[in-house]
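Below is one structure, written out as C-alpha cells; the observations come after it.
Every number in this text was worked out from the coordinates using simple rules, so none of it is lab data. None of these values were measured; they are calculated from a predicted model. Glycine gets a Cβ as well: all are built from the backbone with ideal geometry, and neighbour counts include every protein chain shown.
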Amino acid sequence: MTLWHGRFASEPSRALWDYTESLTFDKTLALDDIVGSKAHLSGLHKVGIISEAEFETVNEALSTIESEIREGTFAYLDSDEDIHTAIERRVTDIAGDAGAKLHTGRSRNDQVATDLRLFVRRELLLVADRIIELETALADLAEEAKDAYMPGYTHMQKAQPVLFGHHLLAHGWALSRDVDRITDTLDRLDISPLGAGALGGSTLPIDPQYTSQLLQFSKPFENSLDAVSDRDFVAETLFNLSLIAVHLSRIGEEIVLWSTEEFGYVRLDDAFSTGSSMLPQKKNPDIAELARGKTGRLIGHLGGFLTTLKGLPLSYNRDLQEDKEPLFDSISQVARALSAIKGMLTTATFDFSRMKKAADSPYLCAIDLAEFLVRKQVPFRKAHAVVGGLVRDSLERHVPLEELVSAHPLLGEEAAKLLEPGASVQHRISRGGAGIAAVEEQRSIYRESLQGQIKRIGSFDHFR
Ligand code: ARG
C-alpha cells in the first residue's frame, strides 16, 4: 500500500516503482530519520497534538526500530518506497493508530531535508577529522625531514632547491583550507527545515523553533518553500569534497612521479602498494593513482548535481532525490582516500640523498648569483642577464658554472660559494620562503593553525 493510496484507484506499476524508489540507497539515512522523527514526535506532544500516552507508545516504537536497524534485523518490504516510508510503516505496525499520527504536520519533503542535514553535518565532521589526521602526518614528516632539501619545480623543470618540509607543508596548507571550507559549510547548513511541511507549513500549531532546538540546530527556517527546496548544503559539500579530492590527486600525482626509478625520491611500503599479476618485479603506487583517478568521478558528481538543481522551480521536486547517491559516494570515497593517502605517506621511505643529489646542481642557484649582484647595486635586470650569459656559456662550452663565476670580475670566489651544495636553502631568508629558517618558523605557525582548526571543529561536537 502506498502513502497516497486514498487518492488512487490502482496500485503503482512495477516500472514506476523500479524507477522511482530510493530505498536501495537512502537506507543510509535510517538512523537520522529516527532522530528526526523523534524530534517531530516530541514537537507534536509539546503542542498537544498527541497525548502523553501516544507520545510514549510511538517513541518506544521508534526506539525498537532503531535497534532493529542497528542489529540489521529491520525487515524492509518491496512496497517501501524509501526509508521514510519504511520507518513510518513499521511505526504503524508496532504502535497502531498512535503510529499513524506520527506524520501529522509533516511531509517527506521537510523530513528528507532534515535527515540529510543531520547526515551531512555529522559526516563532514568525520571527513574534517581525517583531514586533520593527514595534516598532522604532514607536519610530522616535515619535522622529521629536518633540513633535507629537494629540487623545487615550475613547469616540471628544476627551479630552486626547496626544503622537503616546505614542499610537504604546501600540501598541508591546501588541506587546511579544506577544513576551513567544511566549517564554513557547517555554519550555513545549521538551519532546521523541520516544520516546513510539504511546502507551505501547516494549519496545526507545530513549533519549528522547538524541534530545531531538539535537533541541535541553531535556528529553524524562515521560509518554508526555501526549507524544502534548498540543497545548497549538498552542492557545497560536493564542491568541498571535490576540492579535497583535487588536493589528494595532486599529492598522488607527485607520489606516482617520485616513486619512479627515474626520480627515486620515495619507496612505498609493501602494505601501501600493489604488485603486478604478470611482471614479478613490479611495485605500483595504486593508492596514489586512484587518488588521481577517482577525482574525475567526484567532480562529475558536483557537475551532475548542479545541473539537476539549475532548472528546478520552487519548491520540492522529485529531482531532488538525485542528491543522495553522489553525496554518499563522494563522502565515502574521500574518507577512504584520506586514510589511504595518510597510510601511504607515513609508511613511505623518502630518499633524502636522491633528492639532495637532484637538487645539488649549481644551475639551481643561478638566482642566488643574480641576487648577489643586486646586493652589489647591480640592477636586477642586468644581473639576470649577466648570470644568464654565464649559464649559457657553461652549458655550451661544458665549463663548470663555478669556474666561470670564480673568474668573473663582478662575482668571484665569494659568489662561487653560493653554488655549493646546501648553500641556497641556508641563504634563502625571506618569510614564507623555502629556506631553513623560514620553514622552521612556518612549521610552528602551521602547528598553531592546526590547533585552531581542531578547536573550531570541537565547537561542532553537538553535530556528531
Ligand atoms: N525519497 C524522496 C527523496 O529522497 C523523499 C521525498 C519524497 N517526497 C515526495 N513528495 N514524493 O527526495
Worksheet item: Points 7 angstrom from Cα along the Cβ direction at Asp93 and Asp140: gap in nanometres?
Response: 4.7 nm
Response to the item:
Here the net charge surrounding Arg428, from other residues whose Cβ is less than 10 Å away from its Cβ (Lys, Arg +1; Asp, Glu -1), is -2
Response to the item:
Given 257-264, 291-298, the highest-first ranking by average Cβ count within 10 Å works out to 291-298, 257-264
Practice prompt. Please quote Rg/Rh for the stretch 37-116 to two decimal places, taking the Kirkwood radius as Rh and restricting both calculations to Cα atoms.
Written response: 0.95
Response to the item:
Most exposed to least, judged by fewest other Cβ atoms within 10 Å, Lys455, Lys357 sort to Lys455, Lys357
Practice prompt. Could you run the Karplus curve 6.51 cos²θ - 1.76 cosθ + 1.60 with θ = phi - 60° over the stretch 400-414 and give me ³J(HN,Hα) per residue in whole Hz, x for Gly and Pro?
Written response: x, 4, 3, 4, 5, 5, 4, 7, 7, x, 7, 9, x, 4, 4
Worksheet item: Sorting Arg130, Arg188, Arg122 on the 10 Å Cβ count, fewest up front, what's the list?
Response: Arg188, Arg122, Arg130
Item to complete: Could you line up Arg318, Arg106 from fewest to most neighbouring Cβ atoms inside 10 Å?
Response: Arg318, Arg106
Fill in: Three-way shape label, the stretch 1-54, alpha-carbon gyration tensor, a/c 1.5
oblate
Discussion item. Show me, for the stretch 234-244, the HN-Hα J-couplings you get by feeding each phi into the Karplus relation (A = 6.51, B = -1.76, C = 1.60, θ = phi - 60°), rounded to Hz, glycine and proline as x.
Written reply: 6, 4, 4, 5, 5, 5, 4, 5, 5, 6, 4
Worksheet item: Assuming R0 = 35 Å, what is the FRET efficiency of Ala159 and Asp129, from their Cβ-Cβ distance, to the nearest 0.05?
Response: 0.50
Fill in: FRET efficiency, Glu420 to Gln209 (Cβ-Cβ, R0 56 Å, nearest 0.05)
0.20
Practice prompt. Quantify how much of the Cα-Cα distance distribution of the stretch 400-464 extends past 21 Å, in percent.
Written response: 54 percent
Worksheet item: What is the total of Lys pairs in the stretch 319-430 with C-alpha atoms under 24 Å apart, excluding same-chain pairs fewer than 8 positions apart?
Response: 4
Worksheet, complete the sentence: To the nearest 10 degrees, the tilt of helix 324-347 (Cα long axis) against the first principal axis of the alpha carbons of the chain is 40 degrees
Worksheet item: Taking the alpha carbon gyration tensor of the stretch 126-222, what are the square roots of 5 times its eigenvalues, largest first, to the nearest whole Å?
Response: 49, 14, 7
Worksheet item: Using the Cα atoms of the chain to build a convex hull, what is its mean projected area in square nanometres?
Response: 29.7 nm²
Worksheet item: Per residue and in Å³, how big is the convex hull formed by the alpha-carbon atoms of the stretch 239-278?
Response: 98 Å³
Worksheet item: What is the local net charge at Asp178, summed over the other residues whose Cβ is closer than 15 Å to its Cβ (Lys, Arg +1; Asp, Glu -1)?
Response: -1
Response to the item:
Length gained, Leu314-Thr2, 0.36 nm per residue minus C-alpha separation, equals 109.8 nm
Item to complete: Would you count, across the stretch 18-151, every pair of lysines whose alpha carbons are under 24 angstrom apart, provided the pair is eight or more residues apart or spans two chains?
Response: 5
Response to the item:
For the stretch 363-419 the trypsin sites (Lys or Arg not before Pro) that pass both the DSSP coil test and the at-most-13 other-Cβ-within-10 Å test are Lys376
Worksheet, complete the sentence: Over all Cα pairs of the stretch 1-90, the Kirkwood radius sets Rh, and Rg/Rh then becomes 1.02
